[in-house]
Every structure is written in C-alpha cells, then in structure tokens.
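One structure is given here, and the rest of the page talks about it.
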Amino acid sequence: MNDNQLLLKVRDLKTYFFLEEGTVHAIDGADFDIRRGEAVGVVGESGCGKSVTGQSILRIVPNPGEVVEGEITFYRYEKRDDGTEVQEVVDLTALDPRGDEIRSIRGGEISMVFQEPMTSLSPVHTMGQQIMEAIILHQKVDEDEARRRAIEMLRRVGMPQPESTVDSYPHQLSGGMRQRGMIAMALSCSPSLLIADEPTTALDVTTEAQILQLMRDLQQDLGMAIMFITHDLGVIAEMTSRVVVMYMGKVVEGADVDTLFYDPKHPYTRALLNSIPRLGHDKSERLESIKGVVPDPYNLPPGCPFHPRCASFMPGVCNVEEVPNFVIEPGHTARCFLYAD
Ligand code: SF4
C-alpha cells in the first residue's frame with residue numbers, strides 16, 4: 001500500500017439546513033484530503049460543522065439538511081488476482097442517499113462510530129444480531145459464519161466474554177462495552193475509512209484511554225484510515241497525524257499535527273491552543289478564553305466569520321471580503337488575510 005494514495009478528497013463542500021427561521025450554513029466551504037491508513041483530526045467548538053462533515057460524507061445528513069455544493073470523492077482500491085491494484089473513483093455527492101451504491105459503501109467501506117452508542121444501536125436487537133446484520137449485508141456469508149465473525153470481532157475489541165456478550169442487548173452492557181460493541185460493528189466489514197465522531201466524550205477517563213488505545217491498535221493492524229471528529233485537542237495530539245480546524249462551517253487551518261501545535265497560523269487556532277493547559281504551563285497564570293461568543297448561525301458576520309472575536313482583525317478587509325484559503329507551505333493552509341502575500 002502506498003501511504004500517499006488518496007482515499008477521500010473533499011473540495012468546497014457546502015451543506016445547508018433549510019429551516020423556517022432561515023438557512024444555516026452548517027458547512028460552508030470545507031476542503032481536506034484523507035490518505036490511505038492515515039488518521040486525520042477534525043477539530044472545532046460545538047456547532048462548527050464537524051459532525052455534519054462526517055454525515056455529508058456518508059450522505060446521512062438529517063432533514064432539512066442537504067449537501068448543496070462541492071465534491072466528495074472516494075477512492076476505492078481493489079486487488080486483482082495477479083496482485084496488482086486497481087483504483088476506482090466514486091463521486092459520493094452524485095449518489096442517491098437512499099440508493100444501493102451508497103448503502104454498500106456505508107458500513108462496508110466507510111463506517112462511523114458516534115459519541116452515544118444508544119442512539120445508533122437498536123435496543124430490541126442483541127449486539128450479535130446487529131453485528132451479524134452488517135456482516136451478512138456486506139460480506140454475503142451465512143448466519144453461522146457471520147456469528148463466528150461477530151464473536152471474533154467482539155474479542156478483538158476487548159469485549160469481556162464475547163461468546164456470551166454476543167447475545168446481550170445494549171441496555172445490559174456498560175457505556176464502555178456498548179462503545180466497544182459499536183466499534184466492533186463498524187469494523188466488522190474491514191472499512192478503509194472509519195469516521196469516529198466524539199467516540200470517547202461520554203466515557204470516563206480510564207475507559208476513554210482504553211478505547212483510544214484500541215482504535216490506534218486496530219488502525220495499525222487493519223491499515224484503515226480514521227477521521228477523528230472531536231473538540232478535544234488532547235485526543236487530536238494523541239491520535240492523529242494531520243488536523244483540520246473548523247470554525248462556523250469553514251476549514252480555517254489544515255496542517256500536520258506537529259506544525260499545528262507548534263506553529264499555528266490562524267488566529268482561531270492560536271486562541272484554541274491558548275485556551276488549553278500545556279505541558280510546563282505555570283498554574284498561577286490564567287488560561288486565555290476566546291473572547292466574544294460564537295456568532296448567530298442565522299446571521300453570520302460578513303467577511304471572515306471570526307472577525308468579531310479576532311485579535312488581529314483588520315477593519316475594511318476582514319469584515320468585507322470573503323477569505324480565500326492561503327497555502328503557507330505545502331501541506332499547511334490557513335483561511336486568513338494575514339497570509340495574503
Ligand atoms: Fe482575523 Fe482577519 Fe484573519 Fe479573520 S481574516 S482570522 S479577522 S486576521
């Protein structure tokens with residue numbers, strides 16, 4: 001496998017929600033790439049559009065939301081009998097969200113795990129039935145084989161006594177066990193991309209550490225890519241090699257994880273990093289909070305949406321013009337007029 005092979009390319013993605021009160025531009029120009037086997041973090045405050053990005057890729061944006069513009073290209077790689085690989089390009093935005101092709105990709109080649117497993121697990125089916133359903137749908141095996149694979153997957157994600165928990169209902173399991181069950185379900189068809197949307201936010205610290213370790217091990221063992229959606233910069237630092245920062249539906253900065261933490265360029269990224277404690281932080285010094293409040297999504301400020309909160313605001317420029325995405329160096333971009341030259 002060539003590490004630099006693209007798996008997903010997102011360009012100028014726009015997903016809007018058409019509500020009675022007005023239109024919410026949940027994603028308003030997102031650009032990023034994910035390569036095979038790579039862990040990419042998507043970070044930002046609540047409501048910045050990061051979860052809708054995952055839903056847009058899988059075409060599961062809830063009503064009244066819609067992908068209105070942009071490109072989401074998925075690259076599928078298939079091994080031939082002679083050992084060579086062929087690449088197939090799929091335009092996910094062109095697929096019918098209820099059609100057969102996206103259904104075979106969803107849960108098969110691209111899977112998702114959510115913050116709260118109870119919202120995505122069926123309460124009236126056992127863990128085993130739910131994992132087996134995914135296996136039978138995507139891998140065309142009989143029930144006995146699907147059950148064997150479900151138990152094996154549960155064992156792999158560290159579920160205690162998988163031979164018996166396979167017949168447990170979600171409400172009979174703890175939060176950490178349910179999250180392991182959902183990861184087992186998501187990974188049962190060996191996806192090439194796992195979208196993990198705040199998968200550990202609802203868990204206690206010990207279980208969170210176990211689940212993050214598990215995901216890291218599985219990513220390495222299975223060679224899959226992970227898109228890690230979180231508000232937690234600690235999780236980003238631990239889990240990912242590249243990061244995109246989102247603010248009010250836009251990707252405002254993209255860089256490899258070291259560059260982002262040690263040489264952030266966008267004032268929003270700098271403010272985010274200044275608001276968390278760092279190693280060596282003097283406890284007597286107060287952490288900075290980001291000044292101002294997140295703007296009203298129905299009434300976004302003109303120009304750069306961060307300008308009312310920005311310490312580097314340039315009147316007559318930042319509040320007037322749309323900000324393009326500037327390339328600072330290969331692999332590092334920032335949507336900020338400070339880098340216009
Ligand atoms: Fe601040 Fe202007 Fe850059 Fe926006 S474009 S982040 S307001 S300096």
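Which Cα, out of 273, 299, 37, lies furthest along the positive dipole direction of the chain (beta carbon charges, K/R +1, D/E -1)?
273
What is the sum of charges around residue 9, taking Lys and Arg as +1, Asp and Glu as -1, for the other residues whose C-beta is under 12 Å from the C-beta of residue 9?
-3
Can you give me the convex hull volume of the Cα atoms of segment 1-129, divided per residue and expressed in Å³?
Taking only Cα atoms, segment 1-129 has a hull volume of 155 Å³ per residue.
Below 17 Å Cα-Cα, how many Lys pairs turn up in the chain? Only count pairs eight or more apart in sequence, or on different chains, if you could.
Pairs that pass both the separation and distance tests number 6.
Roughly how many whole Å is it from the C-alpha centroid of segment 98-127 to that of segment 9-71?
Here the answer is 18 Å between Cα centres.
Can you sort 138, 231 from fewest to most other Cβ atoms within 10 Å of each residue's own Cβ?
231, 138
Rg (Å, one decimal) plus Dmax (Å, integer) for the alpha carbons of segment 22-75?
11.9, 40
Considering only 108, 52, 74, whose Cα is most displaced toward the positive end of the charge dipole of segment 46-113, charges sitting on Cβ of Lys, Arg (+1) and Asp, Glu (-1)?
52
Given the options 206, 15, 53, which has the most mean-square fluctuation in a GNM of the chain, springs set between C-alpha atoms less than 10 angstrom apart?
Judging by the Gaussian network model, the answer is 206.
According to the Cα gyration tensor, what semi-axes, each the square root of 5 times an eigenvalue, does the equivalent ellipsoid of segment 124-218 have, listed from largest to smallest in whole Å?
21, 15, 11
How much net charge surrounds residue 71 when only other residues with a Cβ under 12 Å from its Cβ are counted (Lys, Arg +1; Asp, Glu -1)?
-2
So who's got an amide H within less than 5 Å of the one on residue 247, skipping anything under 5 residues away but keeping other chains? H placed 1.01 Å off N, in plane.
It is 252, by chain and number.
Using the 2.2 N^0.38 Å rule of thumb for compact globular proteins, work out how the chain stacks up: its C-alpha Rg over that value, please.
After normalising by residue count via 2.2 N^0.38 Å, the value is 1.04.
Whole Å is fine, so just give me how far the alpha carbon centre of segment 312-336 lies from that of segment 190-232.
Here the answer is 32 Å between Cα centres.
Karplus couplings for segment 88-103 from phi (6.51 cos²θ - 1.76 cosθ + 1.60, θ = phi - 60°), rounded to Hz, Gly and Pro as x?
10, 9, 10, 8, 5, 5, 7, 7, 5, x, 10, x, 5, 5, 5, 5
Given the peptides 315-322, 212-219, arrange them by the average over their residues of other C-beta atoms within 10 Å, most packed first.
Sorting 315-322, 212-219 by mean packing, highest first, produces 212-219, 315-322.
Quick check on the exposure proxy: order 7, 19 from fewest to most C-beta atoms within 10 angstrom.
The most exposed by this proxy come first: 19, 7.
Please list 3J(HN,Hα) in residue order for segment 62-69, calculated via the Karplus relation 6.51 cos²θ - 1.76 cosθ + 1.60 where θ = phi - 60°; whole Hz, with x for glycine and proline.
Once θ is set to phi - 60°, the couplings for segment 62-69 become x, 4, x, x, 7, 6, 9, 7 Hz.
What is the set of long-range amide H partners of residue 108 at a cut-off below 5 Å, with H atoms built 1.01 Å from backbone N?
Long-range HN contacts for residue 108: none found.
Please order 96, 31 by the number of other Cβ within 10 Å, starting at the fewest.
96, 31
Using the Cα centre of the chain as the reference point, and only Cβ charges (+1 on K/R, -1 on D/E), how large is the resulting charge dipole? Debye, rounded to the nearest 20.
Approximately 500 debye in magnitude.
Do you know the relative contact order of segment 222-341, to the nearest whole percent, from alpha carbon pairs under 8 angstrom that are 6+ apart?
22
Rounded to whole Å, give me the distance from the Cα center of segment 137-152 to that of segment 75-93.
So the separation of the two Cα centres works out to 24 Å.
Under the rule of at least 5 residues apart or a separate chain, name every residue whose amide H is placed under 5 Å from the amide H of residue 326.
Distant-sequence amide H within range of residue 326: 334, 335, 336.
Can you give the local net charge around residue 251? Use residues other than it whose beta-carbon is closer than 9 angstrom to its beta-carbon, Lys and Arg +1, Asp and Glu -1.
0
A short reminder: the numbers here are calculations on the coordinates, not readings from a lab. Nothing here was measured: the structure is a model prediction, and the numbers come from that model. As a convention, Cβ positions derive from the backbone with ideal geometry for all residues, glycine included, and neighbour counts pool all protein chains shown.
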